[in-house]
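The values are calculated or read from the model by the stated rules, or taken from the named source; none is laboratory data. Everything numeric here is computed off the predicted structure, so don't read it as measured data. Here the Cβ positions follow ideal geometry from the backbone for every residue, glycine too, while neighbour counts run over all protein chains shown.
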Ligand SMILES: Cc1ncc(COP(=O)(O)O)c(C=O)c1O
Ligand SMILES: N[C@H](C=O)CCC(=O)O
């Protein structure tokens, strides 16, 4: 047995399914999840001392690569100063100021501990602000494990075939209307019937939990229009896209301004952090200023603020996102070249530093039903082949890939050549 197999067997005795988040269990691809003990730059090292080029980046936060010295120095210094006080710190204001500078639609921001808390709080705020109950989400989009949002959800819920989780009262789920991503007509039609009852639209501006699907031109703009017409709050869930697809997130990249934004992943530099923020008028409804309650024992924790700020400062360097996007485009194009040279039908797409690939004859994937028609069995074989080649991709056909600035041209070349060898055997 490998070390990972031994450790997984032991983990399953004490942890449900042996993992603390379902998609890690490799059920979407088969086999045993790898257990890691070290990470540096673009590489992960497993318990059997194998090295992997990492295209998950801890599910997005590790945009600078692993073991970044600036983040480590900031953390070491803060550990010596104090791990947490449960009281205000100057660091929190520094973080809030930085977020407001980078994301101009955010006038006020509240720190939380995960992306789930960010979206949950944003939806509660939208409901409290509008006095309405109904919300709109899109099939295949995932916004964390919030009860109201685990309806036709993507990511692990889709991978495991439970997009509508048991445990969520029907009386709550009935307030969630689920529409088709990239289909503005269905949104307009729904709003024509009941728009004045809808508190919020929540959307991943680039869908990254059903692989990677950028918005078609006019989709995000159309959401903005219907929200303006009906007094509905537009929430961009930028937990994945924030600071990744561009410094100003997807709203900066596509030029559409939401009322509220949920953030996570990169904002914590690898520590457990989320945030939500937006228009002053709406955010002033949050406690203690307003009546909508929201709180957190560890929110704004100094270690998390340090790691997050070090990351945001580093990615604010001029040219950072251009360089990262170029690397991502090279990974995306390398996969396509490998497919073309081996006669495998493959569609590739990307947005900034997120990418996806689909085993399909279709030139482009824009909708959930097209995702579901792709060849998942072929994905599984490809995933396993790449893993043997030392390339660590997301273990599900429904997750986006993430790049880091630590990725070298040689890593990308190795990835392309590995894809060519694996595809030749598919
Ligand atoms: C778009 C999006 N929103 C929300 C979440 C939830 O974040 P977290 O896992 O930190 O709770 C995730 C990822 O899990 C995500 O990808
Ligand atoms: N798709 C999820 C977040 O973006 C994957 C993370 C997880 O569920 O563990």
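The sole residue among 58, 121 that is surrounded by 15 or more Cβ atoms within 10 Å (Cβ to Cβ), assigned by the TED database to the domain that holds residue 386 and within 12 Å of ligand 1 (Cβ to nearest atom) is 58. Among helices (runs of 4 or more DSSP H) entirely within segment 129-229, having at least 1 residues that are surrounded by fewer than 24 Cβ atoms within 10 Å (Cβ to Cβ) and away from ligand 2 (no atom under 16 Å from the Cβ) singles out 170-173, 184-194. Within segment 30-62, which residues are more than 14 Å from ligand 2 (Cβ to nearest atom), assigned to a loop (DSSP other than H, G, I, E, B) and touching a residue at least 40 places away in the same chain (Cβ under 8 Å)? Answer for segment 30-62, where residues must be more than 14 Å from ligand 2 (Cβ to nearest atom), assigned to a loop (DSSP other than H, G, I, E, B) and touching a residue at least 40 places away in the same chain (Cβ under 8 Å): 30, 31, 34, 42, 47, 48, 50.
Scanning segment 252-291 for residues that are within 30 Å of residue 41 (Cβ to Cβ) and part of a helix (DSSP H, G or I), we see that the one that is nearest to ligand 2 (Cβ to nearest atom) is 265. From the list 147, 185, pick out the single residue that is more than 23 Å from residue 268 (Cβ to Cβ), in the same structural domain as residue 87 (by the TED database) and in contact (Cβ under 8 Å) with a residue 12 or more places away in the chain. Exactly one of 147, 185 is more than 23 Å from residue 268 (Cβ to Cβ), in the same structural domain as residue 87 (by the TED database) and in contact (Cβ under 8 Å) with a residue 12 or more places away in the chain, namely 147. Of all residue pairs spaced 6 or more apart or on separate chains, those with beta-carbon atoms under 6 Å, a first member in segment 252-274 that is under 23 Å from residue 232 (Cα atoms) and a second member that is near ligand 1 (Cβ under 9 Å from one of its atoms) and assigned to a strand (DSSP E or B) are 262/237. Considered as a group, the residues in segment 1-28 that are assigned to a helix (DSSP H, G or I) and within 16 Å of ligand 1 (Cβ to nearest atom) include one that is farthest from residue 155 (Cα to Cα), and that residue is 25. Being in contact with a helix residue (DSSP H, G or I) (Cβ under 6 Å, 6 or more places away or on another chain), modelled with pLDDT of 95 or more and under 30 Å from residue 397 (Cβ atoms) holds for only one residue in 108, 44, 34, and it is 34. Could you please give the count of residues in segment 63-85 that are surrounded by fewer than 14 Cβ atoms within 10 Å (Cβ to Cβ) and either part of a helix (DSSP H, G or I) or in contact with a strand residue (DSSP E or B) (Cβ under 6 Å, 6 or more places away or on another chain) (or both)? Here the count works out to 8.
Exactly one residue out of 344, 282 is closer than 24 Å to residue 107 by Cβ and away from ligand 1 (no atom under 16 Å from the Cβ): that is 282.
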